[in-house]
Amino acid sequence: MRRFLALVAAVAATVMIAVPAGAVTGNFTKDFVHPYVGLAVFYDGNGDFSHRCSGTLLSPSIFLTAGHCTFGVTDARVYFQQDAGAHFDPVTEVDPITGYPETGGFTGTAYTYPLSDGNAYFPKHNNGDVGVIIFDQPIPTSVVATYGSIAAPGSLDYLATARGGVSPTVTISGYGISDVQPATVSFRERLMAIAKIIGVDGGSLNLKISNNPGDGRGGDCFGDSGGPILWDSTNIVVAVVSFGLNANCAGVAYEYRVDQQAVLDWLHTFEVMTGETIAVASL
């Protein structure tokens, strides 16, 4: 979703960082539409909770998230319930129903894209903000039976030279914070919202999304990091929630594009590892 900001974003989980990790902001609804979007928890070297993010199941064993979420950690656990942490008890620091963030869910190992250094907070040519979790065991179809797909390479290249009137619609899904002012509001539930792409930055590798709630739209915030930016109303992931420049999750959010051949080549190594296939789709 910067070491300090990454931790904040992870805790909130996604979108200012990726909209932090608490929940989609603005005009959002509970998300029962994207069961392949999960809440990821990461642990430090002592096995203690470190931070949380969001992500997308691309195949039974391969879970896509942000590089700043996986950087510096190896152990992860993912929950796919819509209300994965909704009953979190601040006293016991555990959700008694799902076990979040200590038990339950599905365990795996985190990997970070080689170009990522964990600092995805400022637009630059290539911040490499991609990571994956490979599960210890494939997720049963009784839990998740549908998967996200990856946009074909170069699908959004045209946005770099588009002039006027081009603002495609995307769907954001994640478990991030839904508000930070006047107080932090975090449901730890999967929420979704409609947003508009307003441009590209960083050598055309970061989509710019408006978090303006006008016209019924929403945005992302801390805790949403790593969650999918889905093309229109499809299951095609064009980017992952990466970072924002406003501590209140307002203004513009930046999402790292995955419609890159280099990213797909890296993901292919995990197809080989697991014997599974990630779907690549044209827009």
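The values are calculated or read from the model by the stated rules, or taken from the named source; none is laboratory data. What you see is a predicted model; the values in this text were computed from it and never measured. Note: ideal-geometry Cβ built from the backbone for every residue, glycine included; neighbour counts use all protein chains shown.
Of the residues making up the stretch 159-195, those that are within 30 Å of PHE88 (Cα to Cα), modelled with pLDDT under 80 and in a loop (DSSP other than H, G, I, E, B) are GLY176, ILE177, SER178, VAL180, GLN181, PRO182, ALA183, THR184, SER186, PHE187.
Contact annotation: residue pairs with Cβ atoms under 6 Å, 6 or more positions apart or on different chains, pairing a residue in the stretch 65-77 that is of a type in the set (A, V, I, L, M) with a partner that is buried (at least 24 other Cβ atoms within 10 Å of the Cβ) and part of a helix (DSSP H, G or I), are ALA66/ALA18.
Yes/no per residue for (1) modelled with pLDDT under 95; (2) closer than 15 Å to ARG188 by Cβ; (3) β-branched (Val, Ile, Thr); (4) surrounded by 15 or more Cβ atoms within 10 Å (Cβ to Cβ):
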{"position": "GLY47", "(1), (2), (3), (4)": "yes, no, no, no"}
{"position": "LEU64", "(1), (2), (3), (4)": "no, no, no, yes"}
{"position": "HIS87", "(1), (2), (3), (4)": "yes, yes, no, no"}
{"position": "GLY99", "(1), (2), (3), (4)": "no, yes, no, yes"}
{"position": "PRO123", "(1), (2), (3), (4)": "yes, no, no, yes"}
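If only one of THR112, THR103, THR107 is modelled with pLDDT of 95 or more, of a type outside the set (Lys, Arg) and touching a helix residue (DSSP H, G or I) at 6+ places or on another chain (Cβ under 7 Å), which one is it? Selected residue: THR112, the only one of THR112, THR103, THR107 that is modelled with pLDDT of 95 or more, of a type outside the set (Lys, Arg) and touching a helix residue (DSSP H, G or I) at 6+ places or on another chain (Cβ under 7 Å).
Tell me which residues, restricted to the stretch 223-279, are part of a loop (DSSP other than H, G, I, E, B), among the aliphatic types (A, V, I, L, M) and modelled with pLDDT under 95. Once the filter is applied, which keeps residues that are part of a loop (DSSP other than H, G, I, E, B), among the aliphatic types (A, V, I, L, M) and modelled with pLDDT under 95, the stretch 223-279 yields LEU245, ALA247, ALA250. Pairs meeting the criteria (first residue in the stretch 143-168 and within 15 Å of SER204 (Cα to Cα), second residue assigned to a helix (DSSP H, G or I) and at pLDDT 95 or above, beta carbons under 6 Å, at least 6 apart or on different chains) are PRO153/GLN261. What residue, of ILE97, ILE62, is among the hydrophobic types (A, V, I, L, M, F, W, C) and over 28 Å from LEU230 (Cα atoms)? On inspection, the qualifying residue turns out to be ILE97.
For the stretch 49-56, the criterion of being exposed (fewer than 15 other Cβ atoms within 10 Å of the Cβ) and either more than 27 Å from SER204 (Cα to Cα) or among the hydroxyl-bearing types (Ser, Thr, Tyr) (or both) is met by no residue.
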